[in-house]
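The values are calculated or read from the model by the stated rules, or taken from the named source; none is laboratory data. Source: prediction; values computed, not measured. Here the Cβ positions follow ideal geometry from the backbone for every residue, glycine too, while neighbour counts run over all protein chains shown.
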Amino acid sequence: MVSEVQAAELDREVATINLVDEDRVEIFYKDGGFRNMSLNKFIGKDGFLGKVLNDVGTKLGLPELNLSEKAGYLNKEQRIEEFNKRVGEIKDVVSQKVEEKPKIELASSEPTEKGESIIVKSGGKDQPVKEIEVPNEVSSVISKVFGDEAQDAASVLHHPYGEQVKGEGQGENAGFQVKDITILNEGYDTALSAKNKKILDGKGEDGKYHSWDRGLFRINSRTFEDFIRDKRPGYRDAMYEAGIIDDPYTDKPVTKAVIRKYWEQMDDPVKNTKMAKIIRDKRGWGQWYAAPAYLIKQNSEKI
């Protein structure tokens, strides 16, 4: 296992880079994405790390930080040594230069108000389980909305491999990306025809219509539509009380335009987290595909 490194690869921000089984490298992106490649490909000539180092060098106005051409031809022990050396090199360079050029952002910037820190578990899948600190911009929001249950909420976003009921992964948003995340659920939800599709559904490659997941807590578009239409206590009224919608719509219809308007606001991390709390309170953590099994069971016993 190697320490974390933050940089940019083209238009995507890298959250962590981990060495696995001495022969594979796992790359987690801030947008929740994931890549797995051989160590040889990672550090070889024109490899991933070389591109990352060059990108950082360009952003900071540094000399070229590329890897040696022979790196891809080293034996396993030498490649592992090279990997650790280069990850350490990029961290050292970035830490030195960020102080000189504070306007350059290699990762998400710190919020103006620091919230209570949240610690969650990470690792698993042939890696030792360890504790990591949730980024402050995320922990500050989750702490304010979920209070004493903030750690549970954060664990839905990031947890060790092997803890979720469905599929494989490390949570709903393992990279803790707070904005600009909208994912079509083709292959994971019920495909609908054009006649039966929901207002917010998108067309997939299969020609059918599917729901979207958006924002920090990956709020599902069909769930969102259900809640904003529901007049029962704890649904639309809760959204109004939380400031997610600015009208209770007690004497006027919830139109398609209204639904689309407020759905767009689910990219806001505060409103997104408040919506997650409302959904959790009414339906439990089982509404999240990648929530850990112990939380689904624990929460289902409460509601």
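Would it be correct to say that residue 152 is modelled with pLDDT of 95 or more and under 16 Å from the mean Cα position of the chain (by Cα)?
For residue 152, the condition - modelled with pLDDT of 95 or more and under 16 Å from the mean Cα position of the chain (by Cα) - is met.
Being crowded, with 18+ Cβ neighbours inside 10 Å and assigned to a helix (DSSP H, G or I): is that true of residue 174 here?
no
Restricting the first residue to the stretch 120-146 and requiring it to be outside any loop (DSSP other than H, G, I, E, B), which pairs with a second residue that is aromatic (Phe, Trp, Tyr) meet a Cβ separation below 7 Å and a spacing of at least six or different chains?
Matching pairs, first to second residue: 138/176.
Residues that are modelled with pLDDT under 95 and surrounded by 17 or more Cβ atoms within 10 Å (Cβ to Cβ): find the helices (runs of 4 or more DSSP H) completely inside the stretch 216-303 holding 3 or more of those.
Hits in the stretch 216-303: 293-300.
What are the pairs with Cβ atoms under 6 angstrom where one residue, in the stretch 178-199, is free of Cβ contacts under 8 Å to residues at least 24 places away in the same chain and more than 30 Å from residue 140 (Cβ to Cβ) and the other, located anywhere, is surrounded by 17 or more Cβ atoms within 10 Å (Cβ to Cβ) and among the aromatic types (Phe, Trp, Tyr)? Sequence gap at least six, or different chains.
Pairs found: 192/209; 197/209.
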